[in-house]
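Novice: Below you will find the structure I want to go over with you.
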Amino acid sequence: MTSKKITVPGYVLPVIVVAQFCCTSLWFASNGVMNNLIIDFQLSSKALGGLTSAVQFGFIAGTLLFAWFSLADRFSPSLVFLFCSLVGALANLGITWSGNTFGSLVILRFITGFFLAGIYPVGMKISADYFAEKLGRSLGFLVGALVIGTAFPHLLKVITSASVSWPAVIVTTSGLAAFGGLIMWLFIPDGPYRKPGQRLNGKAVFEVFRYPGFRAAAFGYFGHMWELYAFWAFVPVMLATHPSIHPATNPDISWWSFWVIAAGGLACIISGQLSLKFGAAKIARLSLLASGICCFLSPLFFQFSFPVFILFLFFWGMVVIADSPLFSTLVANNAPPEIKGTALTLVNCIGFSITIISIQLLTWMTGVVPPTWMYVILGLGAMVGFRQRLQ
């Protein structure tokens with residue numbers, strides 16, 4: 001007996017991608033108006049690190065809790081996505097309150113990060129429930145949407161320089177998040193490949209690493225994450241370092257930062273398509289190799305003229321993220337179906353914990369190590385990931 005072929009409506013993937021972009025715009029919303037926050041709320045220059053880390057810590061706490069209670073497996077993922085998008089939008093909107101202090105802003109950003117745990121990994125879970133057979137392709141579009149959302153604050157900085165009211169930026173991102181949650185809930189019911197968990201299974205958090213294929217995919221992802229967010233965080237620093245070597249160069253840092261990071265969105269779509277022909281594991285390893293080479297060659301490219309340097313950053317910006325949807329595909333494919341959402345959420349939790357370590361390490365290295373040599377250390381993540389026997 002042959003199994004009945006499952007046909008997914010053509011609108012499903014575009015809706016998931018749009019919803020994911022709209023909701024993940026919450027992630028770096030405060031970064032896009034950081035200078036305004038510092039001035040209006042009389043914050044110190046160190047507020048940038050504190051508010052950015054608050055979102056990361058919130059996301060880590062949220063993913064840990066979501067994974068422990070298997071929320072994306074026990075309840076409808078679209079409903080979880082909607083609830084988290086609305087609460088996250090409200091927390092983001094709270095930034096506009098005139099009575100905010102640094103402490104209240106940190107709390108609001110932590111809450112936003114916490115409920116992003118019900119958006120990013122749950123969005124991947126929803127894709128896995130619909131596109132089990134071509135998951136690499138669908139996650140390529142999904143992670144591509146996240147990348148554009150990550151780059152968006154740098155574009156917002158360019159826009160706000162044109163005297164756009166900063167509260168309007170926050171209101172817009174909150175509105176986008178609410179819209180994204182609503183369309184996910186209205187148009188994307190539970191997928192045909194979903195196998196809901198029937199009971200709370202906290203042990204799944206530990207048991208899932210017993211599967212060799214899952215373990216290899218997870219550790220490959222962890223190596224990838226060691227490099228990714230540190231690279232994104234320090235792209236503006238790299239662009240600011242280049243003129244110190246080439247005084248005639250005066251790049252628009254926000255403008256070029258947006259394009260360097262956003263280029264990764266296209267790379268995710270390309271890698272997702274290539275995975276259908278060559279396999280997710282092979283393309284993920286190739287991407288890791290390329291990004292690792294970029295880390296080790298980065299001191300050399302600081303010596304070149306700006307056109308060569310920016311082309312190098314564009315290439316690095318593409319290969320540093322191209323393997324992300326593929327690792328998520330490998331994680332989902334190697335996890336038991338009934339705890340797939342838990343597995344994706346758990347891996348996100350650990351991966352983002354690693355990002356804090358690498359970002360803080362680079363921060364500490366600033367002023368201690370020559371600025372052109374700092375990023376070699378990021379290549380260690382690619383080396384760890386490349387050694388995994390991906391399946």
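Read-outs throughout are calculated quantities, based only on the coordinates presented, and are distinct from any laboratory measurement. The model shown is predicted, which means the values in this text are computed figures rather than measured ones. Note that we place each Cβ from the backbone using ideal geometry, even for glycine, and neighbour counts take in every protein chain shown.
Novice: Looking only at the range 167-181, which residues have a backbone nitrogen under 20 Å from a spot 7 Å from the Cα of Asp40 in the C-beta direction?
Specialist: In the range 167-181, the label zone of Asp40 (backbone N under 20 Å from the point 7 Å along Cα→Cβ) covers 167-178.
Novice: A further question follows. Past 19 Å, Cα to Cα: identify those pairs from Lys134/Lys277; Lys125/Lys277; Lys282/Lys340; Lys134/Lys282, in the order given.
Specialist: Working: Lys134/Lys277 11 Å; Lys125/Lys277 23 Å; Lys282/Lys340 22 Å; Lys134/Lys282 15 Å.
The pairs that break the limit, which is 19 Å between Cα atoms, are Lys125/Lys277; Lys282/Lys340.
Novice: Starting from the Cα of Lys282, step 7 Å along the direction of its Cβ; do the same at Glu338; then give the gap between the two resulting points in nm.
Specialist: Here the modelled spin labels are 3.5 nm apart.
Novice: Sticking with this structure for a sec: Order the peptides 66-79, 233-246, 316-329, 365-378 from the highest to the lowest mean number of other Cβ atoms within 10 Å of their residues.
Specialist: On the way: 66-79: 22.4, 233-246: 17.6, 316-329: 29.1, 365-378: 15.5.
Result, highest mean first: 316-329, 66-79, 233-246, 365-378.
Novice: From a point 7 Å beyond the Cα of Thr172 in the direction of its Cβ, which residues of the range 33-77 have a backbone N at a distance under 18 Å?
Specialist: Label zone hits: 33-37.
Novice: Using the alpha carbon gyration tensor of the chain, what are the three equivalent-ellipsoid semi-axes (square root of 5 times each eigenvalue), largest first, in whole Å? Don't skip to the answer; put the middle values down first.
Specialist: Numbers: eigenvalues 205, 134, 69 Å².
Three semi-axes, in Å: 32, 26, 19.
Novice: Using alpha carbons only, how many angstrom separate the centre of the range 234-265 from the centre of the range 12-55?
Specialist: A separation of 20 Å, based on Cα centres.
Novice: Extending each Cα 7 Å along its Cβ direction at Ile293 and Ser244, get the distance between those two points in nm, one decimal.
Specialist: Computed distance between label sites Ile293 and Ser244 equals 2.8 nm.
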